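Here is the structure we will look at, set down as structure tokens.
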Amino acid sequence: MAGLLATLHAEGFPPAERWTAQAIGLLLDLPGHFGLIAETRGEPLGFVLGRVAAGEAEVLTIAVRPALRRSGVGRALLTALVETAAAAGAETLFLEVSESNGPARQLYAALGAVEAGRRRRYYADGTDALVLRLDIKSCGVATNE
Ligand SMILES: CC(C)(COP(=O)(O)OP(=O)(O)OC[C@H]1O[C@@H](n2cnc3c(N)ncnc32)[C@H](O)[C@@H]1OP(=O)(O)O)[C@@H](O)C(=O)NCCC(=O)NCCS
């Protein structure tokens, strides 16, 4: 699984930000960490990595294959992550996104995430990271409560 996720990650991020299969494998072995893959007829469309601990969840990374973007795959992956996190007891989801990443910011805003902080010059290209927070219970994703 880690090899496939590294391939998908490399399609979504510039070289300086790519994660190796080894790094992804180590993450997936940690408690509370999980990966979800979107696929159709066995073909991978994209993936998301997340973690849950002590009532809080986090999106570690998400990527949709370039040719398949803007068809709802990213939203479906995030929705599945929220459902997984809620089932594991999370009430709040945190996400980090580059200030310059318009598509991801739009996606997270559409789900209801709000700005909760900023990490200055966080990324390799010198851009700031925005820390976003999503209240899982009120975000509109069914959580069986
Ligand atoms: C961010 C990313 C995962 C979005 O995936 P996607 O499958 O294209 O997103 P969706 O089709 O589910 O879009 C859902 C909503 O997000 C917003 N959105 C997504 N891409 C957008 C874009 N390029 N411009 C404006 N809004 C966008 C829209 O509100 C969209 O809803 P709509 O299509 O009904 O208007 C994808 O662009 C990607 O893989 N980018 C490279 C990796 C990356 O930057 N990951 C995020 C790191 S924080």
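Laid out as a table, the results:
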{"item": "Cα gyration tensor category, rounded, prolate or oblate, for region 2-138 with a/c compared to 1.5", "result": "rounded"}
{"item": "Burial ranking of peptide ranges 22-33, 79-90, 61-72, 116-127 (average Cβ count within 10 Å, highest at the top)", "result": "79-90, 61-72, 22-33, 116-127"}
{"item": "Simple spin-label estimate for A67 and D125 in nanometres, 7 Å along Cα-Cβ", "result": "2.4 nm"}
{"item": "Sum of side-chain charges, L130 neighbourhood, beta-carbon under 9 Å (Lys, Arg +1; Asp, Glu -1)", "result": "-1"}
{"item": "Net charge contributed by nearby residues that have their C-beta within less than 9 Å of P103 (K/R +1, D/E -1)", "result": "+3"}
{"item": "Helix-only CD estimate at 222 nm, as mean residue ellipticity for the chain, using -39500 (n - 2.57) per DSSP H run (n ≥ 4)", "result": "-9500 deg cm²/dmol"}
{"item": "Cα-projected label distance for E91 with R133, points at 7 Å along beta-carbon direction, nm", "result": "1.2 nm"}
{"item": "Rel. contact order, % - alpha carbon contacts under 8 angstrom, at least six apart, region 1-125", "result": "20 percent"}
{"item": "Extended-chain gain in nm, criterion 0.36 nm per residue less alpha-carbon gap, T20 and N101", "result": "27.0 nm"}
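Throughout, read-outs are computed from the coordinates displayed, never taken from laboratory work. Treat the numbers as computed from the prediction; the structure is a model and nothing was measured. Cβ sites come from the backbone with ideal geometry, for glycine too, and all protein chains shown count toward neighbours.
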